[in-house]
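Heads up: the structure comes next, in structure tokens.
The values are calculated or read from the model by the stated rules, or taken from the named source; none is laboratory data. What you see is a predicted model, and the numbers here were worked out from it, not measured in a lab. FYI the Cβ positions are ideal-geometry reconstructions off the backbone, even for glycines, and counts take in every protein chain you see. What goes into the accessible areas is simple: the full protein's heavy atoms, side chains included, and nothing from ligands, DNA or RNA. Shrake-Rupley method; radii C 1.70, N 1.55, O 1.52, S 1.80 Å.
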There are 2 protein chains.
Amino acid sequence: MAVLTDVEIQKELTSLNGWQRNGSAIQRVFRFPDFKAAMQFVNKIAEAAEQANHHPDIDIRYNTVTMALVSHDSGGVTQRDVRMAGTINKIAG
Amino acid sequence: MAVLTDVEIQKELTSLNGWQRNGSAIQRVFRFPDFKAAMQFVNKIAEAAEQANHHPDIDIRYNTVTMALVSHDSGGVTQRDVRMAGTINKIAG
């Protein structure tokens, strides 16, 4: 799948609430009341990631979860990442 | 709780298989056959962390999980971290 250009990524980010560029990836930070709520969110994302066979990098710091997306096999951000970011936002509500 | 000295941490690490110093924390990397197995492990650790009210930093990269422990409120590694590292190793089997 084609790697998006910087301009294309910036355009996609305008409709992906909360997501931003971080190096070669796009990422969003989510905060929850506590660790338990954070883990519930992570498990919902894990299920969606398995279904899509596209897995975000997930960092859990107590109540704070950072999701990062990059298509490692393509060497950059692709439409797969944009789609998964949209799915994650839908789950986050 | 008292922060352990470098020498005390090194001594504890000799009986904590796979754990090593990383900056102000101790950490261990765990590898699994796939993302699903990694998430199952993370959920077991999450349950134990809630019970102990001591939460590791958890990074998930598909099949690879990194756990890091530090007592933020004490400003370093304490016996709480050593205990939780032992619990995590027991769960990892």
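Table for the structure above
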{"read-out": "Carbon plus sulfur fraction of accessible area for the protein assembly as shown, probe 1.4 Å, in percent", "value": "47 percent"}
{"read-out": "Interface A:B - total buried accessible surface [probe 1.4 Å, Å², rounded to 100]", "value": "1400 Å²"}
{"read-out": "Relative contact order (%) - the stretch B:6-92, alpha-carbon pairs under 8 angstrom, separation at least six", "value": "31 percent"}
{"read-out": "Surface/4 of the Cα convex hull for the stretch B:6-92, nm²", "value": "5.2 nm²"}
{"read-out": "Fraction of alpha-carbon pairs over 28 Å apart in the protein assembly as shown - percent", "value": "31 percent"}
{"read-out": "Pair B:SER24, B:LYS11: separation of 7 Å Cα→Cβ label points (nm)", "value": "2.4 nm"}
{"read-out": "Size of electric dipole in the protein assembly as shown: Cβ of Lys, Arg +1 and of Asp, Glu -1, about Cα centre, debye, nearest 20", "value": "220 debye"}
{"read-out": "Above-threshold pairs, the threshold being 30 Å between Cα atoms, out of B:LYS11/B:LYS36; A:LYS36/B:LYS11; A:LYS11/B:LYS44; B:LYS11/B:LYS90", "value": "B:LYS11/B:LYS36; A:LYS36/B:LYS11; A:LYS11/B:LYS44"}
{"read-out": "Theoretical ellipticity at 222 nm over chain A - DSSP helices of four or more residues, -39500 (n - 2.57) apiece, nearest 500", "value": "-13500 deg cm²/dmol"}
{"read-out": "With all protein chains modelled, accessible area of B:SER24 [1.4 Å, Å²]", "value": "70 Å²"}
{"read-out": "Net length gained if the chain between A:TYR62 and A:VAL3 were fully extended (0.36 nm per residue, minus Cα distance)", "value": "17.9 nm"}
{"read-out": "Heavy-atom accessible area per residue - the stretch A:6-92, 1.4 Å, Å²", "value": "52 Å²"}
{"read-out": "Under 5 Å, built H, 5+ apart or other chain: amide partners of A:SER74", "value": "none"}
